[in-house]
1. Report the residue count in segment 196-208 for those that are open to solvent by 10 Å² or more (accessible area, probe 1.4 Å) and either over 18 Å from residue 149 (Cα atoms) or in contact with a Gly (Cβ under 9 Å, 6 or more places away or on another chain) (or both).
2. Only one of (1) of a type in the set (S, T, N, Q); (2) over 24 Å from residue 100 (Cα atoms); (3) in contact with a Ser or Thr (Cβ under 9 Å, 6 or more places away or on another chain) is not met by residue 198, so which one is it?
3. What residue, among those in segment 172-186 that are in a helix (DSSP H, G or I) and either among the acidic types (Asp, Glu) or closer than 18 Å to residue 233 by Cα (or both), is most open to solvent (accessible area, probe 1.4 Å)?
4. For segment 76-85, name all the residues that are surrounded by fewer than 22 Cβ atoms within 10 Å (Cβ to Cβ) and among the hydrophobic types (A, V, I, L, M, F, W, C).
5. Hey, can you tell me all the residues within segment 113-159 that are open to solvent by less than 40 Å² (accessible area, probe 1.4 Å), modelled with pLDDT of 95 or more and out of contact with any helix residue (DSSP H, G or I) (no Cβ under 7 Å at 6 or more places or on another chain)?
6. Among the listed residues 213, 240, identify the single one that is on the phi < 0 side of the Ramachandran plot, open to solvent by 90 Å² or more (accessible area, probe 1.4 Å) and modelled with pLDDT of 95 or more.
7. Tally the residues that are in contact (Cβ under 8 Å) with a residue 60 or more places away in the chain and either under 28 Å from the mean Cα position of the chain (by Cα) or in a helix (DSSP H, G or I) (or both), restricting the search to segment 216-240.
8. Given the criterion of a type in the set (A, V, I, L, M, F, W, C), within 30 Å of residue 239 (Cα to Cα) and under 13 Å from the mean Cα position of the chain (by Cα), identify the matching residue among 169, 100.
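The values are calculated or read from the model by the stated rules, or taken from the named source; none is laboratory data. In this text the structure is predicted, and so the values were computed from the model without any measurement. Every residue, glycine among them, receives a Cβ derived from its backbone with ideal geometry; neighbour counts consider all protein chains shown. Ligands, DNA and RNA are stripped out before the accessible areas are found, and what is left, the full protein with its side chains, is counted by its heavy atoms. Shrake-Rupley method; radii C 1.70, N 1.55, O 1.52, S 1.80 Å.
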Amino acid sequence: TYFSANQRGVAVAVSSMPKRKVAAKKVTPEKEPEIKRRPTARSNSKTLGDSSKGLFDTYKDAGEERIGPVGMERLFNDIGVAPESIYALIMAWVMGAQEMGYFTRAEFNQGLDKLRANTLVQVHNGLLSLEQVVAADPATFMELYKFAFAFSTTSSNSKSVEVETAAAMLQLVLPHGPHTNAFASFLVSPGNSYRVINRDQWMCFLEFSRAVRLDLSNYDEAEAWPIMIDEYAEFLRSSR
């Protein structure tokens, strides 16, 4: 999966690593987000030439027509973004990636075409620009948020995501949401009976996060929230 245990924290799927579990803890209001240094591409020496074939072949698995976890690590390292960052998720989204930890040649070609990129530096700059669009435009963010759920499912036929994976993905795609850390703790808490989260619950959490204050002062139990959300509200109260 995309989530490593202990070494990387919350990660977007670029390698086959064990899932990180989010420890349940006493909920406190989140601090102001830290301003982090922007990533920088290591080199612009690798170019696409007339097509993406050369660059894709640099990172693809030997004897296969896809980039796997090892090549993915090298690719993101050369682009200058962390594989556990929002930029890696955005790249998977732009490519329309179907499987965590892998890019097919067709997906790779599609992504670089959308980024209008012919060099690693251009890929890097394109990802930074898209991250700014995601942060500023609610409609674009919604597209990424929906993709994050579909991308986290175990198969194309699956309609749910394991709670550990959902908790980690929420902290990646919605890091500064007022309820994100608390809800992630709820999902992996010993008292939680849920093992998966479905798409309706995933989408309702975003609406809840936008509408309800962390102190629950404007939470209305009579509203038609999913039972999971109501149980989260009770968890939040009991955590104080």
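1. Taking segment 196-208 first, the residues open to solvent by 10 Å² or more (accessible area, probe 1.4 Å) are 196, 198-201, 203-204, 207.
With either over 18 Å from residue 149 (Cα atoms) or in contact with a Gly (Cβ under 9 Å, 6 or more places away or on another chain) (or both) added as a condition, the list becomes none.
So the answer is 0.
2. Tallying (1) of a type in the set (S, T, N, Q); (2) over 24 Å from residue 100 (Cα atoms); (3) in contact with a Ser or Thr (Cβ under 9 Å, 6 or more places away or on another chain), residue 198 fails exactly one: (2).
3. Quick first cut of segment 172-186, residues in a helix (DSSP H, G or I) only: 172-173, 180-186.
Add one more test, that the residue is either among the acidic types (Asp, Glu) or closer than 18 Å to residue 233 by Cα (or both), and what stays is 180-186.
Details: 180: 0, 181: 55, 182: 5, 183: 0, 184: 0, 185: 2, 186: 10 Å².
Among them, the one singled out is 181.
4. Just the residues of segment 76-85 that are surrounded by fewer than 22 Cβ atoms within 10 Å (Cβ to Cβ), to begin with: 77-78, 80, 82, 85.
Once the filter is applied, which keeps residues that are surrounded by fewer than 22 Cβ atoms within 10 Å (Cβ to Cβ) and among the hydrophobic types (A, V, I, L, M, F, W, C), segment 76-85 yields only 82.
5. Scanning segment 113-159 gives a single hit, 128.
6. Numbers: 240 fails: modelled with pLDDT of 95 or more.
Going through 213, 240 in turn, the sole match is 213.
7. Within segment 216-240, the subset in contact (Cβ under 8 Å) with a residue 60 or more places away in the chain is 236, 239-240.
Next cut, either under 28 Å from the mean Cα position of the chain (by Cα) or in a helix (DSSP H, G or I) (or both) only: 236, 239.
Number of matching residues: 2.
8. Numbers: 100 fails: within 30 Å of residue 239 (Cα to Cα).
Of 169, 100, the one residue that is of a type in the set (A, V, I, L, M, F, W, C), within 30 Å of residue 239 (Cα to Cα) and under 13 Å from the mean Cα position of the chain (by Cα) is 169.
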